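Comments concern the structure below.
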Amino acid sequence: MAEIQFPRDWVQGEWTLFSDRDGVLNYLITGDYIKSWEEFHFLPGAKEALAKINPLFKRIIIATNQRGIKRGVMTAEDLEDIHQKMLEEIEEEGGRIDGIYYCANHPENDLENCRKPAIGMALQAQRDFPEIDFSKSIMLGDNISDMEFGRNAGMYTVFICQDGPPAAHAHLVDDHCQGFVAFAESFGSF
Ligand SMILES: [Mg+2]
């Protein structure tokens, strides 16, 4: 059963999916960063869900804040190694990610203006893939900063949560679902 409503002008193959990474595709580590492939674990069904939505979106982009790099707990090479292995597993399962963008900065020293909710990563993706239209993009994430990012860029926002978005932030959220699997299952009728 469809869990989310679709944007009114949704057309298969015309839209871009922007997605957060941690807590959407893989388990969060409370109070820590995912610093190595050994610490990265896909959420159940996430890879299969990516394969399911593969033909539905023109572009599938990940935008992830990773300030653990600037804090010195991990390196950019560590992160890129995780992403390379993550992509290999996703592709083995029949899924794809067109681009992964990360922001390593601290919120108080984000000179590139890339840390969500700033939209630097969305603009970077659009430079690499000029066909991306933010008005035909969904932003999926489990933090309010993801929803602000989507709103700031003019996207349709889908919040991952168990009980609906907090009332104070309801204006940032167009729709919500319980996770990436539920999100993908919403496309069952397409
Ligand atoms: Mg997250």
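At a temperature of 37 °C and a viscosity of 0.692 mPa s, determine how fast the stretch 25-86 diffuses translationally according to Stokes-Einstein, using the Kirkwood radius over alpha-carbon pairs as Rh; express D in µm²/s, rounded to the nearest whole number.
Numbers: Rh = 13.0 Å.
Answer from the Stokes-Einstein relation: 252 µm²/s.
Note on GLU131 and ARG96: the model spin-label points, each 7 Å out from Cα along the C-beta direction, lie 0.9 nm apart. Taking the charge dipole of the stretch 109-190 about its Cα centre, with +1 at Lys and Arg Cβ atoms and -1 at Asp and Glu Cβ atoms, the residue from ILE119, THR157, MET139 reaching farthest to the positive side is ILE119. Sorted largest first, the spans of the alpha carbon positions of the stretch 90-183 along the three principal axes are 39, 35, 24 Å.
Evaluated over the chain, the count of Lys pairs having alpha-carbon atoms less than 21 Å apart is 11 (only pairs 8 or more residues apart or interchain). Estimated from helical segments only, the mean residue ellipticity of the chain at 222 nm is -7500 deg cm²/dmol, where each DSSP H run of four or more residues counts as -39500 (n - 2.57). Can you bin the chain into rounded, prolate or oblate? Criterion: square roots of the alpha carbon gyration tensor eigenvalues sorted a ≥ b ≥ c, rounded for a/c under 1.5, prolate for a/b above b/c, oblate for the rest. Judged from the Cα gyration tensor, the chain comes out rounded (a/c under 1.5).
No lab work stands behind these numbers, since they all come straight from the coordinates. Just so you know, these numbers come straight off a predicted model, no measurement behind them. Positions of Cβ are generated from backbone atoms using ideal geometry, with glycine treated the same way; all protein chains shown enter the neighbour counts.
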